[in-house]
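Only the coordinates and a few stated rules stand behind these numbers; no lab work does. From a predicted model like this one, the values you see are computed outputs, not experimental measurements. Every residue, glycine as well, gets a Cβ built from its backbone with ideal geometry; the counts of neighbours run over all protein chains shown.
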Amino acid sequence: MLERPIRLEHTHRILFTREAFHARNNAVRDLVTLNKPHKLPRVLVFVDEAVATANRDLIDDIVAYGEVHADAFTLADTPITLPGGEACKNDLRLVECCWDAINEAALDRHSYVFVIGGGAVLDLVCFAASTAHRGIRHVRFPTTTLSQGDGGVGVKNGVNYFGKKNWIGSFAVPYAVVNDFAFLESLPPRERRNGIIEAIKVSLIRDAAFFEQIEAMADDLAALKQEALEKVVQRSAELHVEHIATGGDPFELGSARPLDFGHWAAHKLEQISKFAVTHGEAVAIGMAVDLVYSRMQGILDAETCERVLKLIERIGFATYSAHLMENGRSGEPAILEGLEEFREHLGGELTVTLVPKIGEKLEVHEMGRVKILNALVELKKRQTL
């Protein structure tokens, strides 16, 4: 057998800016000219319909930006709008629409796909881009607190299939991520709040000082003040990228998923609720389940568990949903099926990240069903207090 190691080096770029498509903002221009292309690169832009509706001048601004900077790149077509939200990831026809547009625009591997929107649209379009021509450079413009601080800065793309989240997907490092904070101002309150939970999550597993900063800003975060949101989203993004770049397993070849703390239950809860519970809300509840379970197992002390739960609630998240008690195929709560689905998604051994203390993580390979159910009962009682 002949073996030769192949090492691939990727650069993960993330920019923080405001009004990226203002004519005098050179951030986008600088990105597409970074590699000093031998010809003008072609750029195809996809925009989340909801973002286009909330930012009525956005399409015109993109077209005008392309005209002003026509010496740096060519807009291959008028920006294309797509439906957003989790539902877009359940429709494979939308992937085909993206492929059709990429083909019609005659993009090649030196071209760029820009995608502007929430996490679901980013997952959809970047999956299409990463599989067209075996990978076209894609630039993400996340527009929600959730996507700017977490999913939108990562390297995973995918759509749902067989009723399971991200069953079809790819790993592809984006050419760049542009976090334009101006987009956050047009979000409804529920969407502005969602991303805060991923900041709490990453602080719990990586940065105790950041957790304390979130505690200190809790009132401003609960009030959804822009300055506080920007600070938390930026630090969350930095920590997520740091983990991807230095964690040793950016493409998740192993079984550990430390950034998925609270997610085994969250993903299943979204599915059970038919996505009436948003991803951020589901992560808050999933984290609460794992925190109470950890306390019951003696992994986490009671004082710290209560401290974290109170912070989650103080910022405006619920720590329980009635969907947690809906029965599945076995007659037990369907949420328990999430463990097996999580194991399957990991590719073999179940590995769940828990928090023994703030700023540290612990990986376990089994979770007791009885204590999980006891944790659910406790959280249900907590809701009624």
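Structure data summary
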item: Mean separation of Cα contacts under 8 Å, 6 or more apart, over the residue count of region 14-186: relative contact order %; result: 25
item: Relative contact order of region 189-384, defined on C-alpha pairs under 8 angstrom at six or more residues apart (%); result: 28
item: Cα extents of region 300-385 along the three principal axes, largest first (Å); result: 35, 30, 21
item: Part-to-part distance (alpha-carbon centres) for region 333-382 and region 17-36, which is given in Å; result: 43
item: Length released on extending from residue 36 to residue 185, taking residue separation times 0.36 nm less the Cα-Cα span; result: 50.2 nm
item: Fraction of beta bridges assigned by DSSP in region 14-186 that are antiparallel (%, nearest 5); result: 20
item: Relative exposure of 165, 225, judged by other C-beta atoms within 10 Å (fewest first); result: 225, 165
item: Label-point gap, in nm, between residue 7 and residue 219 - each point 7 angstrom along Cα→Cβ; result: 5.2
item: Residue-span extension gain [residue 167 to residue 361] - 0.36 nm each, minus C-alpha spacing; result: 67.2 nm
item: Alpha-carbon centroids, region 120-135 and region 206-222: separation in whole Å; result: 34
item: Translational diffusion coefficient (Stokes-Einstein; Kirkwood radius from C-alpha pairs) of the chain at 37 °C, 0.692 mPa s, in µm²/s; result: 152
item: Point-charge dipole on Cβ atoms (K/R +1, D/E -1) for the chain, about Cα centre, debye to 20; result: 300
item: Antiparallel DSSP beta bridges within the chain, as percent of all bridges there, nearest 5; result: 30
item: Binned Cα-Cα distance frequencies in region 89-144 - 5 Å width, integer %; result: 4, 22, 33, 25, 13, 3, 0
item: Estimated FRET transfer efficiency when R0 is 22 angstrom, pair residue 54-residue 77 (beta carbons, to 0.05); result: 0.50
item: Relative exposure of 89, 310, judged by other C-beta atoms within 10 Å (fewest first); result: 310, 89
item: Gyration tensor (Cα) of region 189-384, equivalent ellipsoid semi-axes in angstrom; result: 24, 20, 16
item: Whole-angstrom gap from region 83-111 to region 147-193, using each part's C-alpha centre; result: 16
item: Cα Rg, Dmax (largest Cα-Cα span) when computed across region 80-231, Å; result: 16.5, 51
item: Over the chain, relative contact order from alpha-carbon pairs under 8 Å, at least 6 apart, %; result: 14
item: Residue order, fewest to most surrounding Cβ atoms within 10 angstrom, among 100, 61; result: 100, 61
item: Value at 222 nm in deg cm²/dmol, rounded to 500, when DSSP H runs of n ≥ 4 in the chain each add -39,500 (n - 2.57); result: -14000 deg cm²/dmol
item: Potential lengthening between residue 310 and residue 208 on full extension [0.36 nm per residue; Cα-Cα distance subtracted]; result: 35.1 nm
